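Nothing in this text is a laboratory measurement; each read-out follows from the coordinates by a stated rule. Note that this is a predicted model, so its numbers are computed, not measured. Quick reminder, even Gly has a Cβ in these numbers, built from the backbone with ideal geometry, and neighbours come from all protein chains shown.
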Amino acid sequence: MAPNKGKLNGMTRREFLRVAAAVAGTSTFGALAAACSTPTAAPQPAATTAPVAVPTVVSSQSRTDIFMQVNNDYLETVQKQWVPAIEQVLPAKIYVEPGVSADAMAKMRAEKSNPKHHIMMMDAPIVAQAKQEGLVIPLDKSVMTNLADVFPSYLVEDGYGVGIGAGGMGITYYTKAPKPTSWADLWKPDFKGKVSPPAFTTSNGVCFWVMAGAIKSGKSVQDAQHDPDACFAGMQDLKPNIHSFWSNDAQQMQLMSTGELWYMGAANTKGTFQNQAKGLNIDWVEPKEGAFQLLNSATVVKGSTNEKLAMQVLNMMIGPDLLAAVDTVLFLGPTNSKVKLPDNVASKVPTSPEAVARLIKLDWTWIASQRSAWTERWNKEIVQ
């Protein structure tokens, strides 16, 4: 994006001095023994914002490796815009790999005694699980000064995570198929083999499963989440209509655009509008019962080396310039109150905490305590 008037390369003089002071006070750390290569990214929509410009503070001093995982659809923008901007300011060499929340949890569990990763991006509901298992640490507001500008409702699990981008989970549909108005429409016998629910390993999958329970039992969503028998029964009823389960929404939306399937339940606004902008014959609708909250978040891994530097990196990630860059490309609602989005993006995303608050939020702490048993049951009763 173009630098704002009165700013030094996109930063106010005060912001520049604050960052420069933070860097000057950062000691040089030893490099991690392990190294990883950055994977090849899948093609993503071209960014509509110009590269973020920041003052060059770091030059020849030694750098410390910082390993992070970001959501799959963030990878290209993070590599092209976030990494160069952060490495100009902080003494870090950043390695980025793509993945989903389940990947982040698997890596943190495997590395718990000796973590390699420093920053993990995951959906907000998974932060509750990571906190419960002692895999992440609370964010330090004295280091992460940009937290002061983050909407309070986007501080996840009492500050163990921070929101990166907000959206909704509703129904994505093939534009040549009947437009759904209710979640219950996906159970209509006319749609045999045309519905694609999310995998249960995703937050989307849990949301869809709960809605299946609400439809089956007639209970509210808040009550249905505590009635797993109804949720599994609702999914059993849907089986004749299921085309396949998805964990990668981009691949499934490509298939949808051909008309092979018509509906994706609990699908994200961000993935839908990104692919719609590329010309796919898809759209997104909020059913009359409501859509679920989506909040992509980031955490700092417990026990990782150089936690302070990791928090400094994350602090830059949640600053207004870097957040605006990724929110614009990925069609995400901003979590930092200072982010301003172009009209074509702002019209499609929740631009305030109030807009997100009206969306359905589940009891993710309760869900985290039950999810292992439910996953085992899902694999036996639904997948097979």
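Before moving on, here are some points about what is shown:
- Note on S369/Q251: beta-carbon distance plugged into 1/(1 + (r/R0)^6) with R0 of 35 Å gives a FRET efficiency of 0.65.
- Each of D283 and E260 was given a label point 7 Å from its Cα along the Cα-to-Cβ line. The distance between the two points is 2.4 nm.
- Cα-based shape type of region 196-309, given that a ≥ b ≥ c are square roots of the gyration tensor eigenvalues and the cut on a/c is 1.5: oblate
- Residue list for region 191-205, given a label point 7 angstrom along the Cα-to-Cβ vector of R109 and an amide N cut-off under 14 Å: 201-202
- Entries in K188/K216; K338/K361; K131/K348; K141/K302 that, when Cα-Cα distance is taken, lie over 22 Å: K338/K361; K131/K348
- Note on A355 and S217: the model spin-label points, each 7 Å out from Cα along the C-beta direction, lie 3.3 nm apart.
- Anchor K380: lysines whose Cα lies under 17 Å away (excluding residues fewer than 8 positions away in-chain): K239
- With Cα atoms defining each centre, region 110-188 and region 309-384 are spaced 4 Å apart in the structure.
- The trypsin sites (Lys or Arg not before Pro) of region 161-260 meeting both criteria, a DSSP state outside H, G, I, E and B (loop) and at most 14 other C-beta atoms within 10 angstrom of the site's C-beta, are K176, K192.
- Extent along principal axes [Cα atoms of region 258-384; Å; largest to smallest]: 45, 41, 29
- Estimated FRET transfer efficiency (K179, K338; beta-carbon r; R0 35 Å; 0.05): 0.45
- Cβ crowding within 10 Å, taken as a proxy for footprinting-reagent exposure, orders W209, W187 from fewest neighbours to most as W187, W209.
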